[in-house]
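Colleague: Mind looking over this structure? Questions follow.
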Amino acid sequence: MKLKEFEAKKLLQAVGIKTSNGILIQDIKNIPEVKNVLVKVQTLTGSRGKAGGIIEVNNKEEAQRISSRFLGKEFLNERISEVLLDEKIDVKKEFYLGIMFDTSKRCPVVLFSEEGGVEVEKAQINKIEVDYLEGLKKENLKEIPEAIREILIKLYQVFVRFDCRMIEINPLALDDNGRLIALDAVAVLDDDARYRWEINFPERTDNRDATAREIAARQIDREDHRGVAGKTFIDLDGDIGILTVGGGASMTLMDTLIQCGGKPANFTEYSGNPPKEKVEKLTRIVLDRENLSGLFVAGVIANFTNIKETLQGTIKVLIEQKTLFPIVIRRAGPHDQEAKEMLEQVKKEFNLDIHYFDETTPMTKAAEIMVELSNQYKEKNGYFN
Amino acid sequence: MAILINENTTFLIQGITGKQGQLACQEMLEAGSKVVAGVTPGKGEGEVAGVPVYNSIAEAQQKHEIKATVILVPAKVAKEAIVEAIKAGIPLINIITENIPVHDMAYCLALAKQCKIRIIGATSIGIYSVGKSKCGTIASGKSKIAFTPGNIGIISRSGGMSCETALILKQVGLGQSTVVGTGADILMGDSFVELIQDFENDEETKGIVLFAEIGGTVEEDLAEYLKKRKLEGNPYPKPIVAFVSGKFAEEYNLQNVSLGHAGAIIEGDKGTRKQKVKLLKEAGVIVEEIHHKIGEVIKNAISNSNIQA
């Protein structure tokens, strides 16, 4: 999970790395008398400076006026709830410091550049591998200026103690008095270690506010811990409803669907044998759209998920809503024979356009069929006019 | 032959008394695996499906020779279990547990490297040397119908897709030598580069199919390795076909959202699908865009390489 600047700076302060002094403002009423400070919009997206999210102000009124431009408003596709009134430092030189994992070397790496700041992507960067068993020692940092070594050692303490996937100071500024001060910081914490985080930061999943459907879908999963359904739900602007099963398979199914020209209305998945009530609720959210041209329910052969029961959840909603669009189902696993019989009966009795495939049809072939049927349906119903 | 495990491999299951551990034990025995012992700290008595349970690996090792261990303990205690296995000198550790903190994995991988122990996982579905033995939860329940003995090695970052990939091969009459689920975390044990070297030395394996993914750098590492061998005049001798998932995530700009796999998040500009596909192709890997066509593609690649040979 990514942190905002003021949150990441808390981590630095915890180990004694000096940061610029800032006052966090959530309500302009709380803005004190100030002079020569920066109003810094608190975003999760980078490059806010270039986008006009850092503005110098000279008095309280100006600070209020600028802050009210952002607080509670949209900026860089985020809803802004905080600004930082940060001390303005006269900078002589800017450095870049970072620590993250190198997936290829399977160890942490320390990154350092003498040319920090906004253009760091173009700068020359030193890269130092760290043996996790040894930790980061001064001997590893011979190439780095003496005064910065100490800060890197402390930054490594942050990296380990707070379970960071990555931590960055950019820039670390050298001021006119020869002090080194962290002016901005980025941190990504490891969600898998949330149970041992020292500081409880609020939950967030993405850079934007969730839609009502997305929130409702996640709620389904929070309320009932049997299996997973709705934990990941992303609203999209297409017309094929999606209910896929399993991580890698879901991605592959979506790849194929768009490869064939299909337009998904959402992305979501379920796994681990959720009860039919959970699948029913999730189906309701997926179908809560106008002008759907199909519903695609697909996954690999299930080890233990009850195919009949999970499909019952979906079928219940389809019967209720008397849907006309094509429904392509590719599922196999425990009780799939009974599921097949159930679907055949439902198809006849309620006139649903169900196309069922088992493991003899490749999963991605079913995705192709879904797109063909969706196109036919749209053609027939004048969607292309 | 086969790689990593075969009919003679003796297994330990750490976390054998848990729900998943019991299930995996039963399924492994049914597949012919020699599960000789289990460990659950504090519950070291009795047995699971006839397999004796001990308090510690040291206790188990007094009575049994152990060649490989399967980690099926909860994420919070996984580091402890893995460190115990490394220190006990078990040469192969297959980690099934999901959601292990990345700093715990960093520690375990560093220790394993120092002690020359191989790790597969975490978030691995297991290893299956088809017809000989298996470990983990791969080919459990109904999904075992997808697997059949044969000459293709599969390496998959996704558990579910290892099964679907085996199924696609079966439909064109190809079976598998060994199927390995590597997992898809940002730090993981052996992956494509190490495993294709195992497959190279395995006479049974005639070709290799990879299920690759956006995020991480294991595909880039493989491409670099293959290119280097080509330059040295010692090109990799067996055909490799890859499917790289993540087109959807990339085209819909969802790279920062986890779509199911922790490692599928792209950090910086590394790990994009476009880059992976380009590098793999340049290195001589056949990249197929439609997953269910992989069967035909590897079949043709093998017969072409036979003609050339």
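The values are calculated or read from the model by the stated rules, or taken from the named source; none is laboratory data. Bear in mind that the values here come from a model prediction, so they are computed numbers and not experimental data. All Cβ positions, glycine included, derive from the backbone under ideal geometry; neighbour counts span all protein chains shown. Heavy atoms of the whole protein, side chains included, go into the accessibility calculation; ligands, DNA and RNA do not. Shrake-Rupley method; radii C 1.70, N 1.55, O 1.52, S 1.80 Å.
Colleague: Please work out which residue is farthest from the other protein chains (Cβ to nearest Cβ), limiting yourself to segment B:200-213 and to residues that are farther than 20 Å from B:I168 by Cα and either of a type in the set (A, V, I, L, M) or out of contact with any Phe, Trp or Tyr (no Cβ under 8 Å at 6 or more places or on another chain) (or both).
Modeller: B:E203
Colleague: Assess whether A:I327 counts as being in contact with an Asp or Glu (Cβ under 9 Å, 6 or more places away or on another chain), of a type in the set (A, V, I, L, M), closer than 20 Å to A:D358 by Cα and at pLDDT 95 or above.
Modeller: Taking the combined requirement at face value, the residue satisfies it.
Colleague: Also, quick follow-up: For A:I99, all conditions in the list (1) touching a Ser or Thr at 6+ places or on another chain (Cβ under 8 Å); (2) in contact (Cβ under 8 Å) with a residue 60 or more places away in the chain; (3) open to solvent by less than 20 Å² (accessible area, probe 1.4 Å) hold save one; what is the number of the exception?
Modeller: (1) is the only condition that A:I99 fails.
Colleague: Now, a different point. Does B:A85 satisfy the condition of being touching a helix residue (DSSP H, G or I) at 6+ places or on another chain (Cβ under 7 Å) and either more than 15 Å from B:Q22 (Cβ to Cβ) or at pLDDT 95 or above (or both)?
Modeller: So B:A85 fits the description; yes.
Colleague: Another question, if that's okay. Just need a number here: residues in segment B:273-309 that are in contact with a helix residue (DSSP H, G or I) (Cβ under 9 Å, 6 or more places away or on another chain) and open to solvent by less than 30 Å² (accessible area, probe 1.4 Å).
Modeller: Residues meeting the conditions: 12.
Colleague: Would you pick out the residues in segment A:212-226 that are of a type in the set (G, A, S) and surrounded by 17 or more Cβ atoms within 10 Å (Cβ to Cβ)?
Modeller: Selection gives A:A216, A:A217.
Colleague: Can you pull out the residues in segment B:74-127 that are acidic (D, E) and over 17 Å from A:Y195 (Cα atoms)?
Modeller: Answer for segment B:74-127, where residues must be acidic (D, E) and over 17 Å from A:Y195 (Cα atoms): just B:E84.
Colleague: Find all pairs meeting these conditions: Cβ atoms under 9 angstrom apart; at least six residues apart or on different chains; first residue within segment B:173-200 and without any contact (Cβ under 8 Å) to a residue 40 or more places away in the chain; second residue of a type in the set (A, V, I, L, M) and in a helix (DSSP H, G or I).
Modeller: B:S191/B:V218; B:S191/B:L222; B:F192/B:V218; B:F192/B:L222; B:V193/B:V218; B:V193/B:L222; B:V193/B:L226
Listed here are the residues, each with its yes/no results for (1) among the acidic types (D, E); (2) crowded, with 24+ Cβ neighbours inside 10 Å; (3) more than 8 Å from every other protein chain (Cβ to nearest Cβ).
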residue	(1), (2), (3)
B:A110	no, no, no
B:C115	no, no, yes
B:G126	no, yes, yes
B:S129	no, yes, yes
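Colleague: Taking helices (runs of 4 or more DSSP H) that do not extend beyond segment A:298-385, which have at least 3 residues that are touching a residue at least 60 places away in the same chain (Cβ under 8 Å), within 14 Å of chain B (Cβ to nearest Cβ) and under 21 Å from A:D239 (Cβ atoms)?
Modeller: In segment A:298-385, A:363-380 are the helices (runs of 4 or more DSSP H) which contain 3 or more residues that are touching a residue at least 60 places away in the same chain (Cβ under 8 Å), within 14 Å of chain B (Cβ to nearest Cβ) and under 21 Å from A:D239 (Cβ atoms).
Colleague: Out of all the residues in segment A:234-269, which are open to solvent by 10 Å² or more (accessible area, probe 1.4 Å) and more than 7 Å from chain B (Cβ to nearest Cβ)?
Modeller: Those that are open to solvent by 10 Å² or more (accessible area, probe 1.4 Å) and more than 7 Å from chain B (Cβ to nearest Cβ): A:D235, A:D237, A:G238, A:D239, A:V245, A:C260, A:G261, A:K263.
Colleague: Out of all the residues in segment B:140-156, which are facing chain A (nearest Cβ under 10 Å) and either outside any helix (DSSP H, G or I) or not hydrophobic (A, V, I, L, M, F, W, C) (or both)?
Modeller: B:S140, B:G141, B:K142, B:S143, B:K144, B:S156, listed by residue number.
Colleague: In the list B:Y252, B:Y225, which residue meets the criterion of being among the hydroxyl-bearing types (S, T, Y), touching a helix residue (DSSP H, G or I) at 6+ places or on another chain (Cβ under 9 Å), surrounded by fewer than 20 Cβ atoms within 10 Å (Cβ to Cβ) and at pLDDT 95 or above?
Modeller: B:Y225
Colleague: Quick one: is A:A185 under 30 Å from B:P74 (Cα atoms), of a type in the set (A, V, I, L, M, F, W, C) and surrounded by 14 or more Cβ atoms within 10 Å (Cβ to Cβ)?
Modeller: No: the conditions fail for A:A185.
Here is a yes/no grid of residues against (1) among the charged types (D, E, K, R); (2) open to solvent by 10 Å² or more (accessible area, probe 1.4 Å); (3) modelled with pLDDT of 95 or more:
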{"position": "B:I168", "(1), (2), (3)": "no, no, yes"}
{"position": "B:V180", "(1), (2), (3)": "no, no, yes"}
{"position": "B:L195", "(1), (2), (3)": "no, no, yes"}
{"position": "B:D198", "(1), (2), (3)": "yes, yes, yes"}
{"position": "B:E203", "(1), (2), (3)": "yes, yes, yes"}
{"position": "B:G216", "(1), (2), (3)": "no, yes, no"}
{"position": "B:R229", "(1), (2), (3)": "yes, yes, yes"}
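Colleague: From the list B:A85, B:A122, B:A112, B:A106, exactly one residue is in contact with a Cys (Cβ under 7 Å, 6 or more places away or on another chain) and within 29 Å of A:R165 (Cβ to Cβ). Which is it?
Modeller: The match here is B:A106.
Colleague: Spot the failing condition for A:P275; the list is (1) surrounded by fewer than 21 Cβ atoms within 10 Å (Cβ to Cβ); (2) in contact with a helix residue (DSSP H, G or I) (Cβ under 8 Å, 6 or more places away or on another chain); (3) within 13 Å of chain B (Cβ to nearest Cβ); (4) touching a residue at least 12 places away in the same chain (Cβ under 8 Å), and only one is missed.
Modeller: Going through (1) surrounded by fewer than 21 Cβ atoms within 10 Å (Cβ to Cβ); (2) in contact with a helix residue (DSSP H, G or I) (Cβ under 8 Å, 6 or more places away or on another chain); (3) within 13 Å of chain B (Cβ to nearest Cβ); (4) touching a residue at least 12 places away in the same chain (Cβ under 8 Å) one by one, A:P275 breaks only (3).
Colleague: Which residues, taken from segment A:192-203, are open to solvent by 80 Å² or more (accessible area, probe 1.4 Å), among the charged types (D, E, K, R) and within 19 Å of the chain's Cα centre (by Cα)?
Modeller: A:E203
Colleague: For a quick check of your reading: which strands (runs of 3 or more DSSP E) sit entirely within segment B:1-100 and have at least 1 residues that are open to solvent by 60 Å² or more (accessible area, probe 1.4 Å) and of a type in the set (D, E, K, R)?
Modeller: B:34-39
Colleague: Further, regarding this structure: Can you go through A:E56, A:E121, A:E134 and tell me which one is within 14 Å of another protein chain (Cβ to nearest Cβ), at pLDDT 95 or above and open to solvent by 30 Å² or more (accessible area, probe 1.4 Å)?
Modeller: Sole residue among the options that is within 14 Å of another protein chain (Cβ to nearest Cβ), at pLDDT 95 or above and open to solvent by 30 Å² or more (accessible area, probe 1.4 Å): A:E134.
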